[in-house]
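Beneath this line is the structure, given in structure tokens, with notes to follow.
The values are calculated or read from the model by the stated rules, or taken from the named source; none is laboratory data. A quick note: this is a predicted structure, and the numbers were derived from the prediction, not measured. Using ideal geometry, Cβ is built from the backbone for each residue, glycine included, and neighbour counts are taken over all protein chains shown. The accessibility values were calculated without ligands, DNA or RNA, using every heavy atom of the protein model including side chains. Shrake-Rupley method; radii C 1.70, N 1.55, O 1.52, S 1.80 Å.
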Amino acid sequence: MQIDVVATAQLVNSEVVEGKTVVVIDVLRATSVMITALQNGAKAVIPVTTPDEAFEMKKQLGRDVLLGGERMAEPIPGFDFGNSPLSYTADVVSGKTLVMTTTNGTLAINNSLTAQELIVASFINSDAVCQFLSNKEDVIIVCSGNNGLYTLEDALCAGQIIYQLQKAGMAVQCTDFALAQKALYESHRDNLGQLSTSGYHYNVLQQKGYVDDLAYCFETSISKTIPVWNGQALVSYK
């Protein structure tokens, strides 16, 4: 297995991902939302890049559509929900389609759509993701980052996935950058949350009062749900 890691959504393009298995990570909080929503019964998640696209998608799809997402870590006016995974409970999302736009995560996904296959990961489903990847040959892990900047939490999650694959006995060959993310995770795997408290985006969310979101997003492998791109939307991998 060959693994590379891309540091931000802005660095992804069709040449980077074409023909490869892509794993998109946005721990805080887009991919954590997507996993949670599908686990709790959402039919699909459609990632778009702008609020206007989201409003137009809702017009096209009609009923049973929820709009979710953020700009500057705040809910978007006119949307049903923001970017807190804890908002997407079963009584809210069951049977619904979630149309999402976020600053980083949905951009990373849309920039990766020429991949051979695309899945979504976070700490909360990392074990399931590693099982999915166990028979893949060419993997690109895309860290969404924050407005074009590298983020600790996405890097740690990428490193965790690489570490777990190697620990499971996979013959993994990494680029230097992928090795660096694995080394970062391996050095701090017992205090991920503590290290991440030093990160910029973590502190933005903490200052805005999203303390429960932060605790949830750093839980490891509490979900077996893997969002997978089916050509039109993200749905639960069967």
Original post:
How much accessible surface area, in Å² rounded to 10, belongs to the heavy atoms of Ser221 with a 1.4 Å probe?
Top reply: 40 Å²
Original post:
Whose amide H sits under 5 Å from the amide H of Val120, counting only residues 5 or more places off or on another chain, with H placed in the peptide plane?
Top reply: Val24
Original post:
Helix 51-61 sits at what angle to the longest principal axis of the chain, using alpha carbons and giving 0 to 90 degrees rounded to 10?
Top reply: 70 degrees
Subject >> Karplus-derived HN-Hα couplings along segment 151-156 (A = 6.51, B = -1.76, C = 1.60, θ = phi - 60°), whole Hz, x at Gly and Pro >> reply: 10, 4, 5, 5, 4, 5
**OP:** Please list, or write none, the lysines whose alpha carbon is within less than 29 Å of the alpha carbon of Lys182, excluding same-chain residues fewer than 8 places away.
**Re:** Lys20, Lys136, Lys167, Lys224, Lys238
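Ranked highest first by the average count of other Cβ atoms within 10 Å around their residues, in what order do 28-34, 199-205 fall? Don't skip to the end; give the middle numbers.
Details: 28-34: 31.0, 199-205: 17.6.
Per-residue Cβ counts within 10 Å, averaged per peptide and sorted highest first, yield 28-34, 199-205.
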**OP:** Please state the charge dipole magnitude for segment 25-140, taken about the Cα centre, from unit charges on C-beta atoms (+1 on K and R, -1 on D and E), reported in debye and rounded to the nearest 20.
**Re:** 260 debye
Subject >> Integer Hz, Karplus 6.51/-1.76/1.60 couplings in order for segment 217-226, x for Gly and Pro >> reply: 5, 9, 6, 9, 6, 8, 10, 9, 7, 10
Original post:
Taking the Cα centre of each part, how many Å lie between segment 1-43 and segment 175-209?
Top reply: 17 Å
Subject >> For Val6, residues with placed amide H under 5 Å, excluding near neighbours >> reply: Ile141, Val142, Cys143
**OP:** Identify all lysines with a Cα-Cα distance to Lys96 below 17 Å; exclude those on the same chain that are fewer than 8 residues away in sequence.
**Re:** Lys43, Lys58, Lys59
Original post:
Taking the Cα centre of segment 148-216 as the origin and placing charges on Cβ (Lys, Arg +1; Asp, Glu -1), which of Ala178, Gln194, Ala158 is farthest toward the positive end of the dipole?
Top reply: Ala178
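Averaged per residue, what accessible surface does segment 140-213 expose to a 1.4 Å probe, in Å²?
On the way: 3510 Å² over 74 residues.
Per-residue value: 47 Å².
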Original post:
Residue farthest toward the positive end of the dipole of segment 1-89, with Cβ of Lys/Arg at +1 and Asp/Glu at -1: which of Gln10, Leu67, Tyr88?
Top reply: Tyr88
Subject >> Burial ranking of peptide ranges 69-81, 114-126 (average Cβ count within 10 Å, highest at the top) >> reply: 114-126, 69-81
Subject >> Vicinal HN-Hα couplings computed from phi for segment 138-148 (Karplus, 6.51 cos²θ - 1.76 cosθ + 1.60; Hz; Gly/Pro x) >> reply: 9, 10, 10, 9, 9, 8, 5, x, 9, 6, x
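Would you list Lys136, Lys167 from the most to the least accessible area, probe 1.4 Å?
Numbers: Lys136 40, Lys167 155 Å².
Largest to smallest exposure gives the sequence Lys167, Lys136.
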Original post:
Expressed as a whole percentage, what fraction of the accessible surface of the chain belongs to carbon and sulfur atoms when a 1.4 Å probe is rolled over the protein heavy atoms?
Top reply: 48 percent
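Shape verdict for segment 1-127, please, from the Cα gyration tensor: rounded (a/c under 1.5), prolate (a/b greater than b/c) or oblate. Provide the component values of the computation, followed by the final result.
Values: a/c = 1.77, a/b = 1.52, b/c = 1.16.
Judged from the Cα gyration tensor, segment 1-127 comes out prolate (a/c at least 1.5, a/b above b/c).
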Subject >> Solvent exposure, largest accessible area first (probe 1.4 Å, DNA, RNA and ligands not counted), of Leu98, Leu11, Leu113 >> reply: Leu11, Leu113, Leu98
